[in-house]
Amino acid sequence: MDMGEVAVEQELSATMASAAEGDEYAFARIVDACHEDMRRVCLFVGHDQDLAEDAVQNAWSIAWRKLRSVRDPAKLRPWLMRVAVNETKRALKKRSRRTEVESLVARSGAPSGRDPETGIDALDLREALKRLDPDERALLALRYIAGFNATELAGALGITPSGTRNRLERLTDRLRRELSDG
């Protein structure tokens, strides 16, 4: 964790109790500190900008109501991410009953082509990521987008730090094999 992240964690710790007591200003500071990371993780998990925005808004509503349930300020950020990821997965399930989930990749206009350093085609990588289930995308997003370490991942996913490391290693190994076969 770098100095900026430490400062964010300390600020969250200092304001959490006030926010849990209904202090809207304190809650707004928590939102300011965590909203963008939550949105980015939800976007990665859900592959849809609107779905991600809705999931994060729903997560903030839940957080406002249930903030008192978080006893340890160090667990606030992982808890918020877990709530946001769960809301994203809930929205994906709801959407899949109605229609096929749209791919963010198809709409992004991101360049394709082979990365000269890795030899991986960007389109192959995007397609491989789309085939992952939401839990797997959540694990990757929390690690590589939100920058969670194994302890934070464990708190967000409800498993042990060693379990998160093992799961992440298996997942990345599987992606590497799939991409090297392509």
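Annotations
- Cross-link reach is defined here as a Cα-Cα straight distance under 27 Å, omitting same-chain residues fewer than 8 places apart; for K94 the lysines meeting it are K66, K130.
- Other residues whose C-beta falls under 10 angstrom from the C-beta of S18 contribute a net charge of -2, scoring Lys and Arg +1 and Asp and Glu -1.
- Percent RCO, i.e. relative contact order, over the stretch 1-92, from Cα pairs under 8 Å lying at least 6 residues apart: 31
- Solvent-accessible area per residue for the stretch 29-83 (1.4 angstrom probe, square angstrom): 46
The values are calculated or read from the model by the stated rules, or taken from the named source; none is laboratory data. What you are looking at is a predicted structure, and each value in this text was computed from that prediction instead of being measured. As a convention, Cβ positions derive from the backbone with ideal geometry for all residues, glycine included, and neighbour counts pool all protein chains shown. Areas reflect the complete protein model, heavy atoms only, side chains present, ligands, DNA and RNA absent. Shrake-Rupley method; radii C 1.70, N 1.55, O 1.52, S 1.80 Å.
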